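The values are calculated or read from the model by the stated rules, or taken from the named source; none is laboratory data. Nothing here was measured: the structure is a model prediction, and the numbers come from that model. Cβ: placed from backbone, ideal geometry, glycine included. Neighbour counts: every protein chain shown. These accessible areas exclude ligands, DNA and RNA; they are computed on the full protein's heavy atoms, side chains included. Shrake-Rupley method; radii C 1.70, N 1.55, O 1.52, S 1.80 Å.
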Amino acid sequence: MRDISSSGRVQVEICGRKFPTIFYCIINGGYDPNVVYHRLIDKAKTVHDIPRDLVQVHNARKTTMKVLLSRKDELINLHFIAMAMPTFVWKIETVPDLLLVLSDPELCREINKLWNFKPNGEPNKQLFYDSTFNIGDYFVSPLLTKLSAFQEEPTVPISILIHRNQTTESHTSHFLTMKLNSKDLLRKIVEPNIYITHDREDAITNSISFVFPDWIQFADFVHLKRNLKTHCKQEHVDKSILHEIIELMHNLQSSQSNDEFDDTYDNLIALCSEKLMKYIDENIKEPLKKISIFNMKSYGYLNDNFIANSNRCEGFNFMLKQLNEWKRRPVDAIVLAFQRLLAHFVIDIHRSRAGLGKYHLRINANRFTSDPDDINDEPKVSMNDVVKQLQNELFSLDNIAPNDDMNESTGIEGSHKELPSWNDNENVSTHSPSNFQHANTTSTINIDAGN
């Protein structure tokens, strides 16, 4: 049975019960029905969570895979967008699975330039990477960096990966695309002493190790702590003991020497059971030791209060979901939204370097100052302005009347939208190819200047 949700997406229901774990397993790795069946049995908390038999899981997988396939019009729109914006869509694959790599050449040039600034007490080339979901029937993985040349240290996206499956191959394609384009736009991305923080998912770790073996990878302390809490709850650890374990974990991270780390770890051994310590030894100890204060200082992080985390990714992902009004959106509309967002970052950096934006160059970064006359009256906009316009214009694609040749097999009314008229001069901000071209930032965003 298939239902239509409030967002227009199909939901799969089997015998009156929904199995989100099936969807998660299939979306994450396209596992074979036997694997999904055994995982469901292992994770089942009640009798109702156990599938009836392997046939039921197999049918659920077939139905789910049909649901996960993008509607035909979305894929056609994506290829139109890729042809109209070849400098923005760096890689596109729609068969057998959806995979898009998006980046703005001008933004890459600005990042490459500003990475020449060397801040005091930390490296100048820091990256952050994470995957988010609940934006659509796909994952979004932004590769972010911090611009330390500005006092506010803003977070800026280098590239964005949109992918159907959370696999090593997807992330490898992303990093390979960036590496192949690094010669002209991001020369410094292949240099040594680049530090990247992520949540230590196997797919991300393996792909970075394969494409950029010289990158130094840090585990996100927040995710390490969250994983340990989850495992302790599964082991039914007492709350008071759990509190002490987390406190010792913080002490391990703030250790000023290897001896201090070892002494604190001995206290943790005395507190935990043998089974729990086995998990900590295999999954927590080494990545936690690598991001401890005394080790981070050897990498150039001289601040005693520094904690390796991917909070910048979490904040960026929150902004993306807020942009979508916490609803699931079709992938073609999302690509257009990301083009406008990245153009906004370019304008923000240009204006800030000229002393007109919301960011301010550090005193020892004055060499990056640009001439205000080069701005060419670029509109002063805020992220809220961009979000408001995108919500009013780009997402109106969802409400376009369906074609007569609606795909009857989906059973979704309005599943086909009219393709944008690329030669239509009306409503230029939404459909015109001039909106896709990235010749210069003055024509990329059509927003009233305001104050």
Residue within the stretch 200-217 that is among the aliphatic types (A, V, I, L, M), farther than 30 Å from Ser254 by Cβ and touching a strand residue (DSSP E or B) at 6+ places or on another chain (Cβ under 6 Å) present: no
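For residues that are of a type outside the set (A, V, I, L, M, F, W, C) and free of Cβ contacts under 8 Å to residues at least 12 places away in the same chain, scanning just the stretch 251-278, find the one that is farthest from Lys225 (Cα to Cα).
Filtering the stretch 251-278 down to residues of a type outside the set (A, V, I, L, M, F, W, C) leaves 251, 253-260, 262-267, 273-275, 278.
Still in the list and also free of Cβ contacts under 8 Å to residues at least 12 places away in the same chain: 259, 262-263, 266, 274, 278.
Working: Asp259: 22, Asp262: 19, Asp263: 20, Asp266: 18, Glu274: 19, Lys278: 16 Å.
Top of the filtered list is Asp259.
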Residues satisfying the stated conditions in the stretch 346-395, i.e. under 29 Å from the mean Cα position of the chain (by Cα), modelled with pLDDT of 80 or more and among the basic types (Lys, Arg): Arg351, Arg353, Lys358, Arg362
In the stretch 326-344, the residues that are among the charged types (D, E, K, R) and under 16 Å from the mean Cα position of the chain (by Cα): Arg328, Arg329
Residue in the stretch 191-202 that is of a type outside the set (S, T, N, Q), modelled with pLDDT of 90 or more, open to solvent by less than 60 Å² (accessible area, probe 1.4 Å) and in contact with a helix residue (DSSP H, G or I) (Cβ under 8 Å, 6 or more places away or on another chain) present: yes
Scope the stretch 156-190; condition modelled with pLDDT under 90 and charged (D, E, K, R); matching residues: Arg164, Lys179, Lys183, Asp184, Arg187, Lys188
Given (1) surrounded by 13 or more Cβ atoms within 10 Å (Cβ to Cβ); (2) at pLDDT 70 or above, number of the condition Arg52 does not satisfy: (1)
Answer from Leu323, Leu252, Leu288 - the residue that is touching a helix residue (DSSP H, G or I) at 6+ places or on another chain (Cβ under 6 Å) and more than 25 Å from Asn193 (Cα to Cα): Leu323
One residue from His236, His243 being open to solvent by 40 Å² or more (accessible area, probe 1.4 Å), at positive phi and over 27 Å from the mean Cα position of the chain (by Cα): His236
Leading residue by the ranking (nearest to Phe80 (Cα to Cα)) among those in the stretch 338-363 that are outside any loop (DSSP other than H, G, I, E, B) and among the charged types (D, E, K, R): Arg340
Some residue of the stretch 170-185 being over 20 Å from Pro105 (Cα atoms), touching a strand residue (DSSP E or B) at 6+ places or on another chain (Cβ under 6 Å) and of a type outside the set (Gly, Ala, Ser): no
Test: residue in the stretch 296-310 that is touching a residue at least 12 places away in the same chain (Cβ under 8 Å), open to solvent by 10 Å² or more (accessible area, probe 1.4 Å) and in a helix (DSSP H, G or I): no
The stretch 318-337 - residue that is assigned to a helix (DSSP H, G or I) and open to solvent by 10 Å² or more (accessible area, probe 1.4 Å) and, of those, farthest from Pro287 (Cα to Cα): Leu336
Hits in the stretch 251-291 (condition: under 18 Å from Asn303 (Cβ atoms) and either surrounded by fewer than 14 Cβ atoms within 10 Å (Cβ to Cβ) or among the β-branched types (Val, Ile, Thr) (or both)): Gln256, Ser257, Ile291
